[in-house]
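Encoded as C-alpha cells, the structure appears first; notes follow it.
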Amino acid sequence: MQPTRIGNFEVSRVADFEGPAFDPKEFFPDFDPEVVRANADLLGPRLIDPATGQLVFSFHSFVVKTGRHTILIDSCIGNDKERPTRPQWHRFHSSYVADLAQCGVKPEQIDYVMCTHLHWDHVGWNTRLADGKWVPTFPNARYIMARREFGHWQEVQRRGDDTPHALAFADSVLPVVESGQSLLVDDDYALEDGLWFEGAPGHTPGNVVIHAHSGGERALFVGDVLHHPLQCLKPEWSTRACSDPELSRTTRMRLVEEHAALGTLILPAHFPAPTAGWIRRHGAAYRFDFRE
C-alpha cells in the first residue's frame with residue numbers, strides 16, 4: 001500500500017509477512033469452492049495462490065500520523081516468539097523495525113499503539129527480546145487495549161489454556177502492562193478528535209474497529225472483522241479463529257452493509273497489498289475494490 005491520506009491524517013502500511021497462509025477449506029467452515037470459481041476475475045492469483053490454493057494473507061501494521069501523534073495500529077507477529085502450533089511463524093524473523101524506519105518512524109517515536117484485539121498476530125511487536133526478557137518495542141508509547149478484550153485473555157491465561165493467544169498474552173501483552181505503559185479503555189474510547197474505537201465483537205469478545213475521520217474523509221481500520229476479500233462476497237462466512245461465529249457474522253454483515261453505503265475507505269488487517277479499498281455492491285452481495 002502506498003502512503004495515503006485521510007484528510008489531514010497520513011497512513012502507511014508496514015508488513016511483517018505477506019504470502020500464502022491458510023487453506024480456505026480449513027479457514028472458513030462454510031467455504032464453497034464454487035464462490036471462487038464464479039468470481040475468479042475478482043480474486044485471481046494476488047488473493048488465492050494458484051500453486052497451493054491457499055489464501056494470500058498479509059500481516060501488517062498501519063502507521064497513522066495525525067499531526068499531533070504518531071500511532072501504530074496492531075503490531076503483527078513479532079520476532080523470536082514461541083508459536084509451536086503456528087510453525088510458519090514459530091521463532092519468526094523479519095525486517096519489521098527496519099521497514100518501519102522506511103516510513104520515517106523509529107520505535108521511540110511511536111506515541112500510541114492501538115490494538116484492535118489481542119490475538120498473537122496483532123500484538124507480536126508490542127515487545128522484543130532483550131537479554132532474555134520481553135521488553136516494550138516502543139519505549140515511549142502507551143499501548144491502548146479494550147478493557148473487555150484484556151479481561152477475556154487474562155481469564156484464558158489464568159485457566160492455563162495452551163493456545164498461541166495465551167502465549168502471546170504472556171510475551172506480548174503482560175510485559176507492557178508490567179512496564180506501566182498499557183491503557184485499558186472502553187469500547188468507544190476516542191484517542192483524539194477523529195480517531196476512536198467502536199466495539200465489533202464476535203471474532204474475539206472485545207474486538208474493536210478504529211474509525212478515522214479528518215477533513216471530511218472517513219476510513220475504518222477493520223482488524224479481523226474481515227480477513228479476506230472472499231468475506232465481501234460472502235459476509236456470512238466466519239472463520240475458525242472466531243470465538244463466536246454467529247456474533248462475528250452479525251457484526252461483519254452490519255459493517256459491510258453500513259460502510260458500503262457510506263463509501264468508507266476500508267483498511268483491513270490481512271488483505272495483501274495494496275490493502276486499502278472500498279466495499280461495493282456486487283449483484284446481491286458485495287465486492288472489495290482495491291485502491292490501486
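The values are calculated or read from the model by the stated rules, or taken from the named source; none is laboratory data. These numbers come from a predicted model, not from an experiment. Heads up, the Cβs are rebuilt from the backbone with ideal geometry, glycines too, and the neighbour counts pull from every protein chain shown. Note: accessible area is taken over every heavy atom of the protein model, side chains too, but ligands, DNA and RNA are not part of it. Shrake-Rupley method; radii C 1.70, N 1.55, O 1.52, S 1.80 Å.
May I ask you to verify whether Glu246 is open to solvent by 10 Å² or more (accessible area, probe 1.4 Å), in contact with a Lys or Arg (Cβ under 6 Å, 6 or more places away or on another chain) and over 19 Å from Trp153 (Cβ atoms)? Answer is no for this residue. Quick check, is Asp161 touching a Gly at 6+ places or on another chain (Cβ under 9 Å) and charged (D, E, K, R)? It is false that Asp161 is touching a Gly at 6+ places or on another chain (Cβ under 9 Å) and charged (D, E, K, R).
Return yes when Phe288 is part of a strand (DSSP E or B), open to solvent by less than 40 Å² (accessible area, probe 1.4 Å), touching a residue at least 40 places away in the same chain (Cβ under 8 Å) and of a type outside the set (Lys, Arg) and no when it is not. In short, yes.
Are there strands (runs of 3 or more DSSP E) fully within region 83-168 with at least 3 residues that are open to solvent by 50 Å² or more (accessible area, probe 1.4 Å)? List them. Reasoning before the result, please.
On the way: elements: 112-114, 127-130, 133-136, 142-146.
Per the criteria, no element qualifies.
Could you tell me whether region 223-242 includes any residue that is of a type in the set (Phe, Trp, Tyr) and farther than 23 Å from Trp125 by Cα? Yes: region 223-242 contains one or more residues that are of a type in the set (Phe, Trp, Tyr) and farther than 23 Å from Trp125 by Cα. Remark: pairs (first residue in region 2-16, over 22 Å from Tyr96 (Cα atoms); second residue of a type in the set (Phe, Trp, Tyr); Cβ separation under 9 Å; 6+ apart in sequence or on different chains) are absent.
For (1) within 30 Å of His69 (Cβ to Cβ); (2) over 16 Å from the mean Cα position of the chain (by Cα); (3) touching a residue at least 60 places away in the same chain (Cβ under 8 Å); (4) surrounded by fewer than 16 Cβ atoms within 10 Å (Cβ to Cβ), each residue gets a yes or a no:
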| site | (1), (2), (3), (4) |
| --- | --- |
| Asp171 | yes, yes, yes, no |
| Ser182 | yes, yes, no, no |
| Leu191 | yes, yes, yes, no |
| Glu198 | yes, no, no, yes |
| Val208 | yes, no, yes, no |
| Gly223 | yes, no, yes, no |
| Cys232 | no, yes, no, no |
| Glu257 | no, yes, no, yes |
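Considering each of Gly202, Gly215 in turn, give the residue that is over 26 Å from Thr127 (Cβ atoms) and open to solvent by 10 Å² or more (accessible area, probe 1.4 Å).
Details: Gly202 fails: open to solvent by 10 Å² or more (accessible area, probe 1.4 Å).
Unique residue meeting the criteria: Gly215.
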